[in-house]
1. Could you quote the convex hull projected area for the chain, Cα atoms only and averaged over all directions, in nm²?
2. For C41 paired with Q102, estimate the spin-label separation in nm (one decimal), with each label point 7 Å from Cα along the Cα-to-Cβ line.
3. Ordered by residue, what ³J(HN,Hα) values in Hz, to whole numbers, does region 74-86 give under the Karplus form 6.51 cos²θ - 1.76 cosθ + 1.60, where θ = phi - 60° and Gly and Pro are x?
4. Would you check the accessible area of C41, probe 1.4 Å, heavy atoms only, in square angstrom rounded to 10?
5. Just grab the label-to-label distance for D91 and D17, each label 7 Å out from Cα along the Cβ direction, in nm (one decimal).
6. Compare S56, S72 by solvent-accessible area with a 1.4 Å probe and give them largest first, with all protein chains kept in place.
7. Across region 30-39, in residue order, what do the Karplus-derived ³J(HN,Hα) couplings come to in whole Hz, using 6.51 cos²θ - 1.76 cosθ + 1.60 with θ = phi - 60° and x for Gly and Pro?
8. What is the antiparallel percent of DSSP beta bridges lying wholly in the chain, to the nearest 5?
Amino acid sequence: MNIEVEPARITFDIHADETIIQAAWRNGYTWPTICGGQGTCKTCVFQILEGFEHLSPVEAWEDTGLRSLADSLPNKGQGYRLACQAKVHADIRLRKIGVRKQHGNS
Ligand code: FES
């Protein structure tokens, strides 16, 4: 399965048991985070462009985080997920500023 990231036009593979941020790290990409994937900073939030139905259900912890962001996101946060919480079961395309290859050379 693949994750396609706009606007950088990055694509990386993801395993069923990984969160999106874990898959990015495994593939050598940085993803904006402060908490290091603990689900507390909400810096990892991204917008889903395609494949809404391919994402794992929103669990209570993520839901709390997304609700706290709702007022600062377009559409009250509809169509947004946390990369450290969300998993997928098929390809998706998303938008996240700041995803880039580690050590430069993107
Ligand atoms: S990485 Fe901090 S909430 Fe997802």
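1. 6.1 nm²
2. According to this spin-label approximation, the distance is 1.5 nm.
3. Along region 74-86, the couplings run x, 6, 6, x, 5, x, 10, 9, 9, 5, 8, 10, 7 Hz.
4. C41 exposes around 30 Å² with every protein chain in place.
5. 2.5 nm
6. Listed by decreasing accessible area, they come as S72, S56.
7. 8, 9, x, 7, 10, 8, x, x, 8, x
8. Percent antiparallel among DSSP bridges in the chain is about 75.
The values are calculated or read from the model by the stated rules, or taken from the named source; none is laboratory data. Predicted, not measured: the structure shown is a model, and the values here were computed from it. Virtual Cβ from ideal backbone geometry, glycine too; neighbours counted across all protein chains shown. Accessible surface areas use protein heavy atoms only, side chains included; no ligands, DNA or RNA. Shrake-Rupley method; radii C 1.70, N 1.55, O 1.52, S 1.80 Å.
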